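Worksheet: one structure, shown below.
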Amino acid sequence: HADVAMYRAKQHGRNGYCFFSHDLETDLLKRHELELQLRETLEHDRLEVHFQPQYNLRTRQIVGAEALVRMRDKHGQLISPLQFIPLAEETGLINQLGLQVLNKSCLAAKKWADMNHGIRVSVNVAAKQFANVNFWDEVATALEGAQLPSRLLELELTESALMHDFDKTRGTLEQLSELGLSIAIDDFGTGYSSLSYLKAFPINVLKIDQSFVKDMLNDKQSENIVKTIIHLANSLDLKLIGEGIEYEQQQRLLLDMGCEVGQGYLFSKPISESQMTELLTR
Ligand code: C2E
Ligand code: MG
Ligand code: MG
Ligand code: MG
């Protein structure tokens, strides 16, 4: 009964006691350590960006790659972004983090384009980062700095990142779109939002959330949701990317239903930049 414990803690607080369970204390210490680690990593420009190839499911050609940030602990072990991205958002470090990922991703995309492997690199953008008044400028500067043709950059936004201030969001998206890059909705179908934004905003791609792809073989409702997303995308002239494809049957079903591009462990996990270079030149 977490609420009872919380109530008790509050009561203690009122009486002037500081209520601290051992677990809470270790959690706070871990959090603090992670924050220090993140600050140090950012300061020394030691973030890594890994890339997960995206495939044309019909031809098995690589058509793009999603950039996924990675951080190492003192022992060189990778820490999951699911741990440090929320922390970065809470501490405001997300802007600095996002900018480093954006710049590194543009440079990698430019390197591959120069090797005659012009694939589109897709970069995740956090809600706070998107809301930052400098965001458009940072994107434009990253493209210029890397000399990257803007059609080779895609930005991934979640529905919730777009749902704050309608007019401001539309303005920013239109400005970004004018640069010539592509805008994708990440984890599509999992946000609590109306669909009307799809016609009001310049969106190019829907990424079918991996939870639907994961369940669609065993669960008719998930399959129907995927089908509906695909119909929606086709009728609004949006591109599609299926996420989290782990099994041959999932990729076949996606293809049968009309989703032509996908990523997932079936093809490749996220890999380092040099592994990606190797994969492209193979
Ligand atoms: P996401 O953007 O939806 O990225 C997809 C996640 O699914 C990645 O996890 C990827 O490694 C994982 N994945 C890919 N294929 C499969 C598969 O077949 N099966 C399963 N089970 N998982 C698969 P990752 O790299 O741990 O990233 C988790 C989340 O962290 C991302 O979800 C994204 O929301 C966030 N993230 C990662 N990098 C960045 C970044 O540079 N900036 C921001 N703001 N968020 C990021
Ligand atoms: Mg993503
Ligand atoms: Mg996703
Ligand atoms: Mg996700």
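Key figures for this structure:
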read-out	value
Entirely in the stretch 134-209, the helices (runs of 4 or more DSSP H) that have 3 or more residues that are within 16 Å of ligand 4 (Cβ to nearest atom) and closer than 24 Å to Gln96 by Cβ	159-162
Options Leu143, Leu82, Leu102; residue that is over 21 Å from Lys168 (Cα atoms), out of contact with any Ser or Thr (no Cβ under 9 Å at 6 or more places or on another chain) and surrounded by 15 or more Cβ atoms within 10 Å (Cβ to Cβ)	Leu102
Some residue of the stretch 246-260 being more than 16 Å from ligand 4 (Cβ to nearest atom), more than 18 Å from the chain's Cα centre (by Cα), crowded, with 18+ Cβ neighbours inside 10 Å and of a type in the set (Ser, Thr, Tyr)	no
Check on Leu157, hydrophobic (A, V, I, L, M, F, W, C), within 16 Å of ligand 1 (Cβ to nearest atom) and under 21 Å from the mean Cα position of the chain (by Cα)	yes
Residue match in the stretch 159-176 (condition: within 14 Å of ligand 2 (Cβ to nearest atom), among the acidic types (Asp, Glu) and surrounded by 21 or more Cβ atoms within 10 Å (Cβ to Cβ))	no
Some residue of the stretch 103-119 being modelled with pLDDT of 95 or more, away from ligand 2 (no atom under 15 Å from the Cβ), under 27 Å from Gly242 (Cβ atoms) and among the aromatic types (Phe, Trp, Tyr)	yes
Scan of the stretch 210-221 for residues that are within 16 Å of ligand 4 (Cβ to nearest atom) and open to solvent by 10 Å² or more (accessible area, probe 1.4 Å), ordered by number	Gln210, Ser211, Phe212, Lys214, Asp215
Flag for Thr277 being within 30 Å of Asn134 (Cβ to Cβ), open to solvent by less than 80 Å² (accessible area, probe 1.4 Å) and either β-branched (Val, Ile, Thr) or at pLDDT below 95 (or both)	no
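The values are calculated or read from the model by the stated rules, or taken from the named source; none is laboratory data. Keep in mind that this is a model prediction, so the values were computed, not measured. Cβ coordinates were reconstructed from backbone atoms using ideal geometry, including for glycine residues, and neighbour counts include every protein chain displayed. Areas reflect the complete protein model, heavy atoms only, side chains present, ligands, DNA and RNA absent. Shrake-Rupley method; radii C 1.70, N 1.55, O 1.52, S 1.80 Å.
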